[in-house]
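S.K.: Could you have a look at this structure, given as structure tokens, before my questions?
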Amino acid sequence: MNILHATTDPSLLQRLKEMLGSSARADIAVGYFFISGFEQVAAELGALNKVRILVGRTDRQVVEQVA
């Protein structure tokens, strides 16, 4: 199990992209979900066989855009 947080070094985004690039699937839990963050890793997520994202809080518009 790998856990990432805001103080990860190298940066959270860089480390997440590295982890997704070497994975076949991803299980991700986030407290808040923003489309701006999703767009930064969308290509990496799209290359995976299976992606599950548990979201604590978002709005309908974001859910529709991701779907």
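The values are calculated or read from the model by the stated rules, or taken from the named source; none is laboratory data. On a predicted model such as this, the values are computed, not experimentally measured, just so you know. Cβ placement follows ideal geometry from the backbone for every residue including glycine, while neighbour counts extend to all protein chains displayed. What goes into the accessible areas is simple: the full protein's heavy atoms, side chains included, and nothing from ligands, DNA or RNA. Shrake-Rupley method; radii C 1.70, N 1.55, O 1.52, S 1.80 Å.
S.K.: Quick one: how many residues across segment 17-41 are open to solvent by 80 Å² or more (accessible area, probe 1.4 Å), among the basic types (Lys, Arg) and touching a helix residue (DSSP H, G or I) at 6+ places or on another chain (Cβ under 8 Å)?
M.R.: Selection size over segment 17-41: 0.
S.K.: Looking at residue 56 and the list (1) assigned to a helix (DSSP H, G or I); (2) loosely packed, with under 11 Cβ neighbours inside 10 Å, which single condition is not satisfied?
M.R.: Only one criterion in (1) assigned to a helix (DSSP H, G or I); (2) loosely packed, with under 11 Cβ neighbours inside 10 Å is unmet by residue 56, namely (1).
S.K.: Would it be correct to say that residue 44 is at pLDDT 85 or above and either of a type in the set (Gly, Ala, Ser) or open to solvent by 70 Å² or more (accessible area, probe 1.4 Å) (or both)?
M.R.: So residue 44 fails the test.
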